[in-house]
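What follows is a short report on a single structure.
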Amino acid sequence: MADRKQPSPAATYALLVFLVVLTVAIVFIGLVCSPYFLVVRGWPVDKIVRHYVWWYGKGYVFCTRPLIPCAIGCDGPEVFPLTAPAVVVMNHHSILDLYYLGLLPFDGDIAFVTQRRPFLIKLYAPFMSMAKYVDMRESDFDSCLEQCRVHLENGTRVLFFPEAGRSRTGALQAFRQAPFRIAVACNVPVIPFCISGTEKLLPPKARYITPTSVALHVCSPVYPSDAAGEFVHRRLAQRTHDRMKEQLRIMQCQDGNREES
């Protein structure tokens, strides 16, 4: 057990090679299947690409499970299918966090709202642009709101990291207000996603992965009407932060119990 908790250069290089191969495979499958989604299903290109990104995550989760066990939980069976449209907020530990959206059983139409850096990764940049992900560093709030509004009106969920950066301590940081202002302006619920384990798997500034278990928990939606009063977006942010903080505390306790056993 102790060996599994050590950073592994071999596992890291194997994962990098696998991700490149998986990218090529998804591109090939996409070229073959896209005519069906375009012509038969009538999906726009950006929606098709967002689903390919979700299937990419599913491929990652399926193939890495022997090395990195992972599981998904939720507040109850009524959580699925996910409410749409909606603003999804997720805590942020690692560049690998979004891969674990592949744990979602369905509901793959999620548009990411992120900072500039991911758009500069040459392997992913073309797909991010085709999926119409929102680059917050390239637009002001009003522009971000309008891009999100278009996604929401089309029934797509938009995902934010409200901490606006990866946590260096593993603790949930203070939230930025943008995702909650958008939820209030568009009158859609906020769905909290809590992820645990990636802070050990590949924390900030780590060169190698440390194989460990990962868990994703989907909380029940929080509605703007649940935060009625002045400064609704701030109340909504606080309710969401409190719910996620409690859920992460539970998940971290469960992680500690598994390690002790």
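Read the figures in this text as sums done on the coordinates, not as results from a lab. Because the structure is predicted, anything quoted here is derived from the model rather than measured. Cβ atoms come from the backbone with ideal geometry, glycine included; neighbour counts cover every protein chain shown.
Selection over the range 1-46 of residues that are among the basic types (Lys, Arg) and surrounded by 15 or more Cβ atoms within 10 Å (Cβ to Cβ) gives a count of 0.
Output the residue which, of all residues in the range 137-163 that are within 16 Å of the chain's Cα centre (by Cα) and farther than 26 Å from Ala228 by Cβ, is surrounded by the fewest Cβ atoms within 10 Å (Cβ to Cβ). Going through the qualifying residues, I end up with Thr156. Take the conditions (1) out of contact with any helix residue (DSSP H, G or I) (no Cβ under 7 Å at 6 or more places or on another chain); (2) within 23 Å of Ile72 (Cβ to Cβ); (3) crowded, with 16+ Cβ neighbours inside 10 Å; His217 misses just one of them, which is (1).
The single condition from (1) surrounded by 17 or more Cβ atoms within 10 Å (Cβ to Cβ); (2) in a helix (DSSP H, G or I); (3) in contact with a Lys or Arg (Cβ under 7 Å, 6 or more places away or on another chain) that Val49 fails is (3). Within this structure, Asn154 fails the test of being within 21 Å of Cys194 (Cα to Cα) and not aliphatic (A, V, I, L, M).
Looking at the range 53-69, which of its residues are touching a residue at least 60 places away in the same chain (Cβ under 8 Å) and buried (at least 20 other Cβ atoms within 10 Å of the Cβ)?
Restricting attention to the range 53-69, the residues satisfying the condition of being touching a residue at least 60 places away in the same chain (Cβ under 8 Å) are 53, 67-69.
Val53, Ile68, listed by residue number.
Give me the residue from the range 220-232 that is surrounded by 19 or more Cβ atoms within 10 Å (Cβ to Cβ) and not β-branched (Val, Ile, Thr) and, out of that set, farthest from Cys63 (Cα to Cα). Give the steps one after another, and end with the answer.
Our first condition is that a residue be surrounded by 19 or more Cβ atoms within 10 Å (Cβ to Cβ); within the range 220-232, this holds for 221-222, 224, 227.
If we keep only those that are not β-branched (Val, Ile, Thr) as well, we get 221, 224, 227.
Details: Pro221: 30, Pro224: 39, Ala227: 41 Å.
Per the stated criteria, the residue is Ala227.
Sub-6 Å Cβ pairs linking a first residue in the range 23-39 that is without any contact (Cβ under 8 Å) to a residue 24 or more places away in the chain and closer than 13 Å to Val53 by Cα to a second residue that is of a type in the set (Phe, Trp, Tyr) and part of a helix (DSSP H, G or I), at least 6 apart or interchain, are Gly30/Tyr52, ordered by first then second residue.
If you check Glu230 against the conditions, is it in a loop (DSSP other than H, G, I, E, B), farther than 15 Å from His92 by Cβ and either charged (D, E, K, R) or without any contact (Cβ under 8 Å) to a residue 12 or more places away in the chain (or both)?
Numbers: in a loop (DSSP other than H, G, I, E, B): yes; farther than 15 Å from His92 by Cβ: yes; either charged (D, E, K, R) or without any contact (Cβ under 8 Å) to a residue 12 or more places away in the chain (or both): yes.
Against the criterion (in a loop (DSSP other than H, G, I, E, B), farther than 15 Å from His92 by Cβ and either charged (D, E, K, R) or without any contact (Cβ under 8 Å) to a residue 12 or more places away in the chain (or both)), Glu230 qualifies.
Return yes when Ile48 is of a type in the set (A, V, I, L, M, F, W, C) and touching a residue at least 60 places away in the same chain (Cβ under 8 Å) and no when it is not. When the stated conditions are applied, Ile48 does not pass them. Take Ser129 and tell me if it is surrounded by 20 or more Cβ atoms within 10 Å (Cβ to Cβ) and either farther than 27 Å from Val184 by Cα or of a type outside the set (Asp, Glu) (or both). So Ser129 fails the test.
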